[in-house]
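To keep things clear, I will list the structure first and then write my remarks on it.
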């Protein structure tokens, strides 16, 4: 396949304008850490990679703002903000181990997929902190939306529309993120031995407490065993994280332990093991999967999480819960009937799914995300045409024929 | 004055037939057509602009909204959605040939779920009404615009409203899970739900802040949050705007994100003190209100850290509240700021730009210079943590010259906000007020991209026409 890797935004715009003129489909990618596994495979004559359009363009720590070109490795941005005692708010995951991608994921890739980590439950998704974007639409026009300030309601919010659009509307070229100070300390309160239903009830109690929970996960026994900091519990674990100043973490973890007394005797994990275990949860390390497994990501109301767990158990698959029960990571043999069972369970709970990893043939033939109601699907098509009238950007990535 | 499009003669001519048609779609008293009864709907929070609409319709269900929109769509009639009418940018300003769809009768709370921490409410529920409904369990709905006693959640969604506490809790867009919307063709669509991440394009994010350009929102699923154990405010007064600005930077740099961080300049301090007798220091050039949350010990710890930072900036006074009553007194002046300015000036325009916080001293200096050259007083209130600036420009509405100067002064301030790297509006919306300034922030390609999205939802440009997008090309698009 013909791969084009321009450095400058103007060259990216030229490539897309040319493709538009000839109605030539383009596969848009960063470092391809996710694009060869996730959603529907893109059929395109050429690949346009944004990886060489890289570099941090602005970092104003006092204003809580960082901007970088789309091809910038996320790790480079994480290191830059960490050096100033700050962090990327949504705690985006590194799924390279799960999805089999080599190399470093890019800022553009993580924003285009709108992927967020455990802190999503309290601090919002990746898309919530995209304050500005520059992008090239499907005709080769450079557009911008938002800016470099933290509050902006000027015009339609294309930052949110383009985040999570998987490169099907425009090629993101530069992204401005809000960042926040990293917490001084992290602590985790752990309940061992609760099954999913009871674990999620405990998480609901924690999230309904005034103690500022910033992570809320439930891991079955075999998933907990894959996390070194949790293996000693030798049981399913229910985890609540608190991130704050040192005295606050000490105070709040104790208060939560007391609040959880009705669920059992809770343990408290200190700063270092807490950081390690939440990184593992973020990157889906607890999820057991064989090479022939497909991976699904399911988003439901938190209390519905245990119903998905039960459905996965019936298939003999693996899973764990994040976001208080509302995010389910699932692994099961890559078969259409398993997809049907998992998506049925999600739909029955009024939830949604993403097929995150599967062989090409399978993901080309399935609904990798839920089909939209006909009236909404018509709007999707018209908005796609409003950005990309020739349908050249990542055709078919989300929906067949779009 | 901002130009409004000429009314469609065929719509005006068909008024009796249109009103009769609307009467068949909603309960009997749900259509307002008498001149006297239409009067209250002629304006919103931007009271300098007034226009009596063709009619007002007050549907009670989503299905009725759908029937009304289908009818308007079939008849080519423009539609102006309206909540409580508190928009400061003229977002609900009627047009002479438009039907105002008022959502105030859709004021029920449909579901509250504490386990999954959401509430489903109709568009006409007030912002404070949501918090009132969940307060007994210690929960609240976070965005708190100044108008929260009156403004409705449907309007908040359309304007992506903020508030004094969004530094910690985010704006409306960050606190929603789902929407029920009606398209101009009368189709009812469910967006999102009760889960956090939605599949497909981010319709929830696009619709939030879309100012009634894309659809009418009838039901909203909002996140509700458990409140903190407590909250306490402190007040710090400084000798210069620059010094207060540097102090804000130092607080953020220390890793503390207060739940609120409000800045008032000298004219604002004086206006608010005369009004509220809050004990504000009248010899200060700038004042900060800083609020923190947590247990009593946590509040002490955080206020202690912040106090130590403030002391490095040679403050004129520091007052750390010792009780909920003292905190309320500190907030009293700030929350009464609009009323306070209203007392010293017959009329004022409340502007709403955002700037990079580092540019605050320079922006305030230049606003001061403009104030002198326009001969109009201005008081500045600033959400300092997030850069959202609210200059209140005082003028006399009985003097057309004075109003014209105030509008031009306001436009100059917003252009300055864009010039220093900021934007035209942080939380009030573009509406009619800032419509013609959009080319300052967006080039023609960018405006056309946004227009094409509008067209994807509303091909005939019937929804909230003449707002957000500069007028002339709009008409071309509609034609």
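Laboratory data are not the source of any read-out in this text; all were calculated from the coordinates shown. Predicted model, so just to flag it, every value in this text is computed and none were measured. All Cβ positions, even for glycine, are placed from backbone atoms using ideal geometry, and neighbour counts span all protein chains on display.
Legend: translational diffusion of segment B:345-434 by Stokes-Einstein, Rh = Kirkwood radius over C-alpha pairs, 20 °C, 1.002 mPa s; D = 166 µm²/s. Kirkwood hydrodynamic radius computed over segment A:2-181 comes to 16.2 Å, based on all pairs of distinct alpha carbons. For segment B:109-226, the Stokes-Einstein estimate of translational diffusion at 25 °C and a viscosity of 0.890 mPa s comes to 175 µm²/s, using the Kirkwood hydrodynamic radius over alpha-carbon pairs. FRET efficiency for the pair residue B:35 and residue B:343, taken as 1/(1 + (r/R0)^6) with r the Cβ-Cβ distance and R0 = 35 Å, rounds to 0.60.
In terms of the Cα gyration tensor, with a ≥ b ≥ c the square roots of its eigenvalues, is segment A:81-169 rounded because a/c is under 1.5, prolate because a/b exceeds b/c, or oblate?
Details: a/c = 1.90, a/b = 1.23, b/c = 1.55.
Judged from the Cα gyration tensor, segment A:81-169 comes out oblate (a/c at least 1.5, b/c at or above a/b).
In degrees between 0 and 90, to the nearest 10, how far off the longest principal axis of chain B does helix B:62-74 point, with axes built from Cα atoms? For helix B:62-74, the angle is close to 60 degrees.
Angle of helix A:271-282 to the longest C-alpha principal axis of chain A, folded into 0 to 90 degrees and rounded to 10: 50°. In segment B:26-149, the C-alpha radius of gyration followed by the widest Cα-Cα span (Dmax) gives 16.2, 49 angstrom. Kirkwood hydrodynamic radius computed over segment B:399-470 comes to 13.5 Å, based on all pairs of distinct alpha carbons.
Whole number please: convex hull volume per residue of the Cα set in segment A:185-282, in Å³? So the per-residue hull volume is 78 Å³. Shielding of peptide A:370-381 by partners, expressed as the average count of other chain Cβ atoms within 10 Å per residue Cβ, is 4. Comparing A:108, A:208, A:305 in a Gaussian network model of chain A, where Cα atoms under 10 Å apart are tied by springs, the biggest mean-square fluctuation is seen for A:208.
Exposure proxy ranking for A:32, B:28, A:197, B:369, based on other Cβ atoms within 10 angstrom of each Cβ and starting from the fewest, stands as B:28, B:369, A:197, A:32.
Once the Cα gyration tensor of segment B:232-345 is diagonalised, what are the square roots of 5 times its eigenvalues, in whole Å and ordered largest first, as equivalent ellipsoid semi-axes? Each step should come with its number before you reach the end.
Numbers: eigenvalues 102, 55, 23 Å².
Taking √(5λ) for each eigenvalue gives 23, 17, 11 Å, largest first.
For segment A:115-162, the fraction of C-alpha pairs farther apart than 13 angstrom is 60 percent.
Using just the helices of chain A, give the 222 nm mean residue ellipticity in deg cm²/dmol: DSSP H runs with n ≥ 4 each add -39,500 (n - 2.57), and the total is spread over all residues, rounded to 500.
Values: 14 runs with 128 residues, N = 402.
Calculated from helices alone, the mean residue ellipticity at 222 nm is -9000 deg cm²/dmol.
For the protein assembly as shown, a Kirkwood hydrodynamic radius built from all Cα pairs, placed in the Stokes-Einstein relation at 37 °C and 0.692 mPa s, yields a translational diffusion coefficient of 118 µm²/s. Hey, what angle do you get for helix A:9-22 against the long axis of chain A, alpha-carbon based, 0 to 90 degrees rounded to 10? Its long axis makes an angle of about 60 degrees.
Of all DSSP bridge pairs formed entirely within segment A:2-181, close to 80 percent run antiparallel. From the Cα gyration tensor of segment B:298-347, with a ≥ b ≥ c the square roots of its eigenvalues, which class applies: rounded if a/c is under 1.5, or else prolate if a/b is larger than b/c, or else oblate? Oblate shape, in that a/c is at least 1.5 and b/c is the bigger or equal ratio. Each Cα pair under 8 Å and six or more residues apart adds its separation to the average, and for segment A:2-181 the resulting relative contact order is 26 percent.
222 nm [θ] for chain B, helices only, -39500 (n - 2.57) per DSSP H run of 4+, per residue, to 500? Spell out each step's value before the answer.
Values: 18 runs with 176 residues, N = 479.
Computed mean residue ellipticity for chain B: -10500 deg cm²/dmol.
The simple spin-label model puts a point 7 Å past each Cα toward its Cβ; for residue B:404 and residue A:378 those points are separated by 4.8 nm.
Taking other Cβ atoms within 10 Å as a rough exposure proxy, A:159, B:72 sort from fewest to most as B:72, A:159.
Once you sort the root eigenvalues of the Cα gyration tensor of segment A:1-48 as a ≥ b ≥ c, which label holds: rounded (a/c under 1.5), prolate (a/b larger than b/c) or oblate (the other case)?
oblate
For segment B:293-380, the pair-distance distribution built from all alpha carbon pairs, in bins 10 Å wide starting at 0, is 12, 28, 35, 20, 4 percent. By the equivalent-ellipsoid construction on the alpha carbon gyration tensor, segment A:293-365 comes out with semi-axes of 19, 11, 11 Å, ordered largest to smallest. Normalised by the number of residues in segment A:185-282, the average gap of Cα pairs under 8 Å and 6 or more apart makes the relative contact order 43 percent. Normalised Debye scattering of chain A at q = 0.07, 0.10, 0.13, 0.14 Å⁻¹ gives log10 I(q)/I(0) of -0.32, -0.67, -1.11, -1.26, counting only Cα atoms as equal scatterers and leaving out solvent. Annotation: the residues B:457, A:387, sorted from fewest to most other C-beta atoms within 10 Å of their own C-beta, follow the order B:457, A:387. Here chain B carries DSSP beta bridges of which approximately 85% are antiparallel, counting only pairs with both residues inside.
Within the protein assembly as shown, DSSP assigns beta bridges of which about 90% are antiparallel (rounded to the nearest 5).
Computed from the C-beta positions of residue A:390 and residue B:443 and an R0 of 30 Å, the FRET efficiency is 0.85 to the nearest 0.05.
For chain B, report the % of Cα-Cα distances exceeding 30 Å.
Working: 54200 of 114481 pairs.
Value for chain B: 47 percent of Cα pairs lie more than 30 Å apart.
Calculate the FRET efficiency for residue A:268 and residue B:311 from the Cβ-Cβ distance with a Förster distance of 41 Å, rounded to the nearest 0.05. Please report the intermediate quantities before stating the final value.
On the way: r = 35 Å, r/R0 = 0.86.
For R0 = 41 Å, the calculated efficiency reads 0.70.
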